[in-house]
Amino acid sequence: MFELDDQVVATKGVDLGVMVITGFSGGGAYIHVKVDGMSLTYPVKDIKKA
């Protein structure tokens, strides 16, 4: 399970390196992350802990 401030990496799509979790949505189906000043949203299935 993921928690706020966990470091994660994408397993699908563009590799942006290590990202930090900033929030959750969709009942936990999506995770909001921040990397290089950008805020992005990924499906939970497309990320893993760094």
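The values are calculated or read from the model by the stated rules, or taken from the named source; none is laboratory data. Predicted, not measured: the structure shown is a model, and the values here were computed from it. We place every Cβ from the backbone using ideal geometry, glycine too, and count neighbours over all the protein chains shown.
Of the residues that sit in the stretch 12-26 and are more than 9 Å from the chain's Cα centre (by Cα) and of a type in the set (Gly, Ala, Ser), which one is nearest to Gly37 (Cα to Cα)?
Ranking the qualifying residues of the stretch 12-26, first place goes to Gly17.
Name the single residue that is nearest to Val8 (Cα to Cα) among those in the stretch 31-40 being surrounded by 13 or more Cβ atoms within 10 Å (Cβ to Cβ) and touching a residue at least 12 places away in the same chain (Cβ under 8 Å). It would help to see each step written out before you state the result.
Here is the first cut: in the stretch 31-40, the residues surrounded by 13 or more Cβ atoms within 10 Å (Cβ to Cβ) are 31-35, 40.
Next cut, touching a residue at least 12 places away in the same chain (Cβ under 8 Å) only: 31, 33-35, 40.
Working: Ile31: 10, Val33: 9, Lys34: 10, Val35: 10, Leu40: 12 Å.
The residue in question is Val33.
From the list Val20, Val33, pick out the single residue that is touching a Ser or Thr at 6+ places or on another chain (Cβ under 7 Å) and either on the phi > 0 side of the Ramachandran plot or in a strand (DSSP E or B) (or both). Outline the logic, then answer.
Details: Val20 fails: touching a Ser or Thr at 6+ places or on another chain (Cβ under 7 Å).
Unique residue meeting the criteria: Val33.
Could you grab me the full set of residues in the stretch 12-34 that are among the aliphatic types (A, V, I, L, M) and under 20 Å from Met1 (Cα atoms)? Give the steps one after another, and end with the answer.
Here is the first cut: in the stretch 12-34, the residues among the aliphatic types (A, V, I, L, M) are 14, 16, 18-21, 29, 31, 33.
Correct list: Val18, Met19, Val20, Ile21, Ala29, Ile31, Val33.
For Phe2, state whether it is in a loop (DSSP other than H, G, I, E, B), under 11 Å from the mean Cα position of the chain (by Cα) and surrounded by 13 or more Cβ atoms within 10 Å (Cβ to Cβ).
Working: in a loop (DSSP other than H, G, I, E, B): yes; under 11 Å from the mean Cα position of the chain (by Cα): yes; surrounded by 13 or more Cβ atoms within 10 Å (Cβ to Cβ): yes.
Yes; evaluated as a whole, the condition is true for this residue.
I'm trying to understand the selection: among the residues of the stretch 13-30, which are touching a helix residue (DSSP H, G or I) at 6+ places or on another chain (Cβ under 9 Å), modelled with pLDDT of 95 or more and surrounded by fewer than 11 Cβ atoms within 10 Å (Cβ to Cβ)?
Answer for the stretch 13-30, where residues must be touching a helix residue (DSSP H, G or I) at 6+ places or on another chain (Cβ under 9 Å), modelled with pLDDT of 95 or more and surrounded by fewer than 11 Cβ atoms within 10 Å (Cβ to Cβ): just Ala29.
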